[in-house]
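First comes the structure, then the notes that go with it.
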Amino acid sequence: MNDPSALAAADHGDRDGLRAPSAAGPVPAAAPARGALRHVLRRPTAAVLLLCGVLHLPAHPARPPAPEGLAPLAVSLLCLELGALLAVRDTPAVWRAAAVAALCVVTLHVVGGVVLYDPLGAALGGPYAWSGVTAVLGAGVGAVLAGLALKNRRPPPGTEG
C-alpha cells in the first residue's frame, strides 16, 4: 500500500497538471482555478466601490441634499450597497451590478466635467483636489476588475469548457 515506487509514480504523474486518469480520461487540474480569479478580485473590487461610495457621501448628512446633490447621493448609496454585497456574495448578477455602478461613477464625472458640474462639490471628497481623480480612476479599475471576473467565471456544472 505504501510502496515508495507507487507513490513516486503517482507524484510524477501529478506534476504535469493532470489528475489521475478516470473513466472519462484525464481532467485538467486548472479547471477550478478559473473561479479562483473571481475570488481573488472580490475584495479589491468591493474596496474600490466602497471608497467611491464614501467619497460621494454628503458632507453634511443632517441637511437634506439640494437637487444637484441627489446624483452623488444616489451613486454613493449604490456603490456602498454593491460594495458590501460584493464582499459577501459571489454571483454573476452582483458582479454585473458592480460593473454598472462603477461605470455610473465614471459617467457621472465625465458628464459633470462636460457640463461644468462637480459631483463632489457638496460631498465628503469635495474639499480635496485628489478625490475626483481617485473616484474616477478607482471606478475605472473597479469596472475592469468586474469585467475580468465576469469573463473568467466558472462554467456551469455539467458542461465542459
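Rounded to whole numbers, the Karplus 3J(HN,Hα) couplings from phi for the stretch 75-85 are 5, 4, 5, 4, 5, 5, 5, 6, x, 5, 5 Hz, using 6.51 cos²θ - 1.76 cosθ + 1.60 with θ = phi - 60°, and x at Gly and Pro. Label-to-label distance, V114 versus A93, with points set 7 angstrom from Cα along the beta-carbon direction: 3.2 nm. Under 5 Å between amide hydrogens, built in the peptide plane, is the criterion, and for Y117 it picks out nothing among residues at least 5 positions away or on other chains.
Residue ranges 59-72, 105-118, 42-55 sort as 42-55, 105-118, 59-72 when ordered by packing (mean number of other C-beta atoms within 10 Å per residue, highest first).
Note on V40/L73: beta-carbon distance plugged into 1/(1 + (r/R0)^6) with R0 of 25 Å gives a FRET efficiency of 0.20. For the stretch 38-48, 3J(HN,Hα) computed residue by residue from phi via the Karplus equation (6.51, -1.76, 1.60; θ = phi - 60°) reads 4, 5, 5, 7, 4, 5, x, 5, 4, 5, 5 Hz, glycine and proline entered as x.
The numbers here are math on the coordinates, done by the rules we state, and not lab data. As the structure is a prediction and not an experimental result, all values here were calculated from the model. No Cβ is skipped: glycine too gets one built from the backbone with ideal geometry, and neighbour counts run over all protein chains shown.
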